[in-house]
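Undergrad: Can you keep this structure in mind? I'll have questions shortly.
The values are calculated or read from the model by the stated rules, or taken from the named source; none is laboratory data. This structure is a prediction, so every number in the text was calculated from the model and none was measured. Cβ coordinates were reconstructed from backbone atoms using ideal geometry, including for glycine residues, and neighbour counts include every protein chain displayed. Keep in mind that these areas ignore ligands, DNA and RNA; they rest on the heavy atoms of the full protein, side chains included. Shrake-Rupley method; radii C 1.70, N 1.55, O 1.52, S 1.80 Å.
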Amino acid sequence: MGLVTSEQLAPIRADADSTGGGVVDLLVTRKVITPADVTRAKAAHFGAEMVTLGDLRLADDVIATIPRHVAKRYKVVPVYKNEGSVVVALSDPSDLDTIDSLRLLLNQEVEIRVATEEEIETAINKYYGASDDSVGKMIQEITEGEVDVGGIGLTVAAEDDGSTVDADAPIIKLVNTMIVEAFKMRASDIHLEPLAKRFRVRYRIDGMLHEMKGPPKRLQNSIISRLKIQSNMSIAERRIPQDGRIQMAVGGKKIDLRVSCLPTNHGESIVMRILDKEGLKLGLVELGFFTDDQQTFERLIGLPDGILLVTGPTGSGKTTTLYAVLNYINRPDRKIITVEDPVEYVLSGINQVHVNDTVGLTFVMALRSILRQAPNVIMVGEIRDLETASIAINASLTGHLVFSTLHTNDAPSAVTRLIDIGVKPFLVASSTRALIAQRLVRRVCRRCGAPYVPTEAEMQTLELDSGKTANASMLRGKGCNDCNKTGYRGRFGIFEIFVIDDEARKLIYDKVSSSVLRARAREMGMRTLREDGVRKVLAGMTTPEEVIRATVGDTD
């Protein structure tokens with residue numbers, strides 16, 4: 001290739017013979033040639049094509065053909081994808097072991113292109129993220145500028161215990177890194193679970209748990225102690241559950257972490273709920289309402305009195321819906337008071353009461369006192385017993401608009417539930433304005449969503465036919481870096497809205513079963529959860545499998 005002259009080569013060859021080293025290695029060491037020159041020479045020798053990775057923009061579906069751990073282990077980057085084969089870039093075309101291993105691992109034909117080691121390393125970091133193979137590297141990546149740990153009792157707790165609070169300590173950096181990474185991945189919870197031989201870390205993202213690389217088991221006690229100190233728990237107490245809070249600033253945003261510690265047979269399990277104070281400013285559109293349901297909902301929450309119940313299992317977004325409603329109706333001419341256990345988000349302009357059973361501030365006591373504060377709107381976090389239900393319903397009958405939640409599977413069942421806990425049917429009938437059931441489904445990733453044809457089984461389960469799907473724009477995510485290869489990014493609600501009319505009131509007064517009430521609601525035009533989900537599948541907002549999973553009990 002004309003890169004080395006005979007005069008330059010002669011002394012280097014002599015040195016290589018005397019030391020037993022390689023001629024090419026010595027040429028590189030003495031900077032006669034560069035590693036990139038060696039790569040080009042090998043490519044020419046083996047007849048392989050050179051590529052400049054920096055000039056290419058690799059698609060997410062191409063990157064997805066080779067998993068991160070394979071790319072990092074073998075130092076390869078996928079460049080193109082063909083039917084039954086993948087084109088990969090590596091730095092040494094003579095490395096037949098790597099090429100054979102890739103064929104076996106990927107179970108498809110592998111075509112070779114050549115790129116320099118430096119380009120491959122840069123491309124791996126760009127498309128797969130910087131190396132996170134060891135806790136040490138993860139610790140080094142965090143900088144003081146990224147994380148500002150709120151000082152909730154850190155110094156005091158540490159002095160009492162004799163522990164260090166040096167911000168540069170590796171354990172502190174590791175814990176901070178873990179929280180920052182979870183926040184950046186949009187996780188709602190961080191689960192730290194001690195198992196027999198390992199310390200498992202999982203993030204809940206869009207309602208699904210994803211296992212992450214866990215720290216070594218030997219760091220388990222140090223990490224748990226650090227989190228207990230941060231959240232103002234006693235690190236000497238390991239036999240009973242404890243709760244605490246941590247405040248942090250990540251990338252200029254303030255977040256709260258609600259921390260729960262539970263003793264298990266292999267150590268203390270910690271779950272941290274991430275509450276993004278600035279991320280809750282939702283409107284009704286962001287909740288997932290279509291225009292017709294949104295108009296109905298806006299009319300209901302604009303009523304002067306009555307009770308509106310939002311129902312669904314734990315984790316179905318009931319509280320988020322109620323917060324969005326309070327944001328929507330929060331005006332200077334309205335006094336709004338909430339009773340919650342616990343207060344998850346602080347809303348400006350709203351009086352929020354935190355229930356505290358240890359000092360006797362129960363839902364019942366708080367509600368009785370609230371009525372003397374002359375509010376227009378009351379939100380009760382959850383109706384759990386007869387006393388709470390009675391005061392909430394009586395408040396709704398005396399000119400207050402009351403919002404609350406119940407744990408039932410569908411909207412009409414909320415009536416039966418209230419009567420079961422002892423509320424008189426005539427009170428339920430006269431106070432209830434509407435019952436809303438909801439579930440959360442994952443939203444198709446906007447970046448990698450592609451047209452999708454449902455399977456025959458999905459069509460049957462959702463009662464779809466070719467006529468309904470003909471003009472639909474159904475989508476499914478292929479998986480990209482934006483959605484962590486899941487095909488989904490974010491969640492929204494599917495709803496069942498049962499507006500109580502005079503005939504429904506008469507049925508409630510007559511104590512009919514929830515199935516009769518449901519039949520009446522369907523006659524009035526109430527859409528079931530599954531039907532609302534199907535509308536959103538046809539609009540390309542979510543996938544059939546998500547709706548089927550969320551409405552598995554909805555067979556009507």
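Undergrad: Does the range 372-381 contain any residue that is under 33 Å from the mean Cα position of the chain (by Cα), among the charged types (D, E, K, R), farther than 21 Å from residue 497 by Cβ and surrounded by fewer than 21 Cβ atoms within 10 Å (Cβ to Cβ)? Spell out the reasoning first.
TA: Pass one, the range 372-381, residues under 33 Å from the mean Cα position of the chain (by Cα): 377-381.
Filter once more, keeping what is among the charged types (D, E, K, R): none.
No: zero hits.
Undergrad: Shifting gears a bit: On the basis of being under 23 Å from the mean Cα position of the chain (by Cα) and open to solvent by less than 50 Å² (accessible area, probe 1.4 Å), does residue 308 make the cut?
TA: Details: under 23 Å from the mean Cα position of the chain (by Cα): no; open to solvent by less than 50 Å² (accessible area, probe 1.4 Å): yes.
No: the conditions fail for residue 308.
Undergrad: Sticking with this structure for a sec: Taking the conditions exactly as written (modelled with pLDDT of 50 or more and more than 30 Å from the chain's Cα centre (by Cα)), does residue 159 satisfy them or not?
TA: No: the conditions fail for residue 159.
Undergrad: If you don't mind, there's one more thing I want to ask. Checking the condition among the basic types (Lys, Arg) and outside any helix (DSSP H, G or I), which residue from 254, 228 passes?
TA: Values: 228 fails: outside any helix (DSSP H, G or I).
Within the list 254, 228, the selection yields 254.
Undergrad: For residue 9, only one of the following conditions fails: (1) among the aliphatic types (A, V, I, L, M); (2) more than 19 Å from residue 126 (Cβ to Cβ); (3) part of a loop (DSSP other than H, G, I, E, B). What is its number?
TA: All conditions pass for residue 9, except number (3).
Undergrad: Of the residues in the range 334-350, how many are in contact (Cβ under 8 Å) with a residue 24 or more places away in the chain and either more than 12 Å from residue 380 (Cα to Cα) or open to solvent by 20 Å² or more (accessible area, probe 1.4 Å) (or both)? Can you show your working first?
TA: First, pick out the residues of the range 334-350 that are in contact (Cβ under 8 Å) with a residue 24 or more places away in the chain: 334-342, 344-347, 350.
Now narrow it down to the ones that are either more than 12 Å from residue 380 (Cα to Cα) or open to solvent by 20 Å² or more (accessible area, probe 1.4 Å) (or both): 334-335, 341-342, 344-347, 350.
Qualifying residue count for the region: 9.
Undergrad: Pick from 288, 317: which is buried (at least 17 other Cβ atoms within 10 Å of the Cβ), in contact with a Phe, Trp or Tyr (Cβ under 6 Å, 6 or more places away or on another chain) and either of a type in the set (S, T, N, Q) or over 23 Å from residue 371 (Cβ atoms) (or both)? Can you show your working first?
TA: Working: 317 fails: in contact with a Phe, Trp or Tyr (Cβ under 6 Å, 6 or more places away or on another chain).
Matching residue, one of 288, 317: 288.
Undergrad: Which number in (1) under 15 Å from residue 179 (Cβ atoms); (2) open to solvent by less than 20 Å² (accessible area, probe 1.4 Å) marks the one condition that residue 271 misses?
TA: (2)
Undergrad: Moving to a separate point now. Could you say which residue among 478, 485 is over 18 Å from residue 541 (Cβ atoms), open to solvent by 60 Å² or more (accessible area, probe 1.4 Å) and touching a Gly at 6+ places or on another chain (Cβ under 8 Å)? Break it down into steps so the answer makes sense when it comes.
TA: Numbers: 478 fails: over 18 Å from residue 541 (Cβ atoms).
Answer to the selection: 485.
Undergrad: Shifting gears a bit: Check residue 303 against each of (1) of a type outside the set (D, E, K, R); (2) in contact (Cβ under 8 Å) with a residue 12 or more places away in the chain; (3) surrounded by fewer than 17 Cβ atoms within 10 Å (Cβ to Cβ); (4) farther than 25 Å from residue 408 by Cα and name the one condition it does not meet.
TA: That leaves (4) as the condition not met.
Undergrad: Now a separate question. Got at least one residue in the range 442-452 being modelled with pLDDT of 90 or more, open to solvent by less than 40 Å² (accessible area, probe 1.4 Å) and out of contact with any helix residue (DSSP H, G or I) (no Cβ under 7 Å at 6 or more places or on another chain)?
TA: Checked the range 442-452: at least one residue is modelled with pLDDT of 90 or more, open to solvent by less than 40 Å² (accessible area, probe 1.4 Å) and out of contact with any helix residue (DSSP H, G or I) (no Cβ under 7 Å at 6 or more places or on another chain).
Undergrad: Still on this structure: Step by step: first the residues of the range 516-556, then only those that are surrounded by fewer than 23 Cβ atoms within 10 Å (Cβ to Cβ) and among the hydroxyl-bearing types (Ser, Thr, Tyr), then the one that is nearest to the chain's Cα centre (by Cα). Which residue is that?
TA: Out of the qualifying residues, it is 528.
Undergrad: Select from the range 69-118 the residues that are among the hydroxyl-bearing types (Ser, Thr, Tyr) and part of a helix (DSSP H, G or I) and list them in ascending order. Even if it seems obvious, please write down each step before you answer.
TA: Going through the range 69-118, the residues among the hydroxyl-bearing types (Ser, Thr, Tyr) turn out to be 74, 80, 85, 91, 94, 98, 101, 116.
Residues satisfying the conditions are 74, 98, 101.
Undergrad: Further, regarding this structure: Filtering the range 237-249 down to residues that are in contact (Cβ under 8 Å) with a residue 60 or more places away in the chain and open to solvent by 30 Å² or more (accessible area, probe 1.4 Å), which residue is farthest from residue 260 (Cα to Cα)?
TA: First, pick out the residues of the range 237-249 that are in contact (Cβ under 8 Å) with a residue 60 or more places away in the chain: 245-249.
Filter once more, keeping what is open to solvent by 30 Å² or more (accessible area, probe 1.4 Å): 245, 247.
Numbers: 245: 9, 247: 14 Å.
That would be 247.
Undergrad: Go through (1) more than 22 Å from residue 298 (Cβ to Cβ); (2) surrounded by 20 or more Cβ atoms within 10 Å (Cβ to Cβ); (3) of a type outside the set (D, E, K, R); (4) under 33 Å from the mean Cα position of the chain (by Cα) one by one and return the number of the condition residue 414 breaks.
TA: Going through (1) more than 22 Å from residue 298 (Cβ to Cβ); (2) surrounded by 20 or more Cβ atoms within 10 Å (Cβ to Cβ); (3) of a type outside the set (D, E, K, R); (4) under 33 Å from the mean Cα position of the chain (by Cα) one by one, residue 414 breaks only (1).
Undergrad: Sticking with this structure for a sec: Name the single residue, out of those in the range 502-515 being closer than 20 Å to residue 431 by Cβ and open to solvent by 60 Å² or more (accessible area, probe 1.4 Å), that is modelled with the lowest pLDDT. Full working, then the answer.
TA: Looking only at the range 502-515, we keep the residues that are closer than 20 Å to residue 431 by Cβ, and these are 502-512, 514.
If we keep only those that are open to solvent by 60 Å² or more (accessible area, probe 1.4 Å) as well, we get 502-503, 506, 509-511.
Details: 502: 90, 503: 90, 506: 92, 509: 90, 510: 90, 511: 87.
So the residue we want is 511.
Undergrad: Now a separate question. Taking residue 395 as the residue in question, decide whether it is closer than 28 Å to residue 514 by Cα, open to solvent by less than 10 Å² (accessible area, probe 1.4 Å) and over 35 Å from the mean Cα position of the chain (by Cα). Before you say what the answer is, go through the steps one by one.
TA: On the way: closer than 28 Å to residue 514 by Cα: yes; open to solvent by less than 10 Å² (accessible area, probe 1.4 Å): yes; over 35 Å from the mean Cα position of the chain (by Cα): yes.
The answer is yes for residue 395.
Undergrad: Only residues that are part of a helix (DSSP H, G or I), among the charged types (D, E, K, R) and under 30 Å from residue 515 (Cβ atoms): list them for the range 362-392, please. Don't jump to the end; show me each part of the working.
TA: Filtering the range 362-392 for residues part of a helix (DSSP H, G or I) gives 363-371, 386-392.
Those left that are additionally among the charged types (D, E, K, R): 368, 387.
Once the filter is applied, which keeps residues that are part of a helix (DSSP H, G or I), among the charged types (D, E, K, R) and under 30 Å from residue 515 (Cβ atoms), the range 362-392 yields only 387.
Undergrad: Kindly provide the set of residues from the range 340-366 that are of a type in the set (A, V, I, L, M) and under 31 Å from the mean Cα position of the chain (by Cα), ordered by number.
TA: Just the residues of the range 340-366 that are of a type in the set (A, V, I, L, M), to begin with: 343, 346-347, 350, 353, 355, 359, 361, 364-366.
Listed by number, the residues that qualify are 343, 346, 347, 350, 353, 355.
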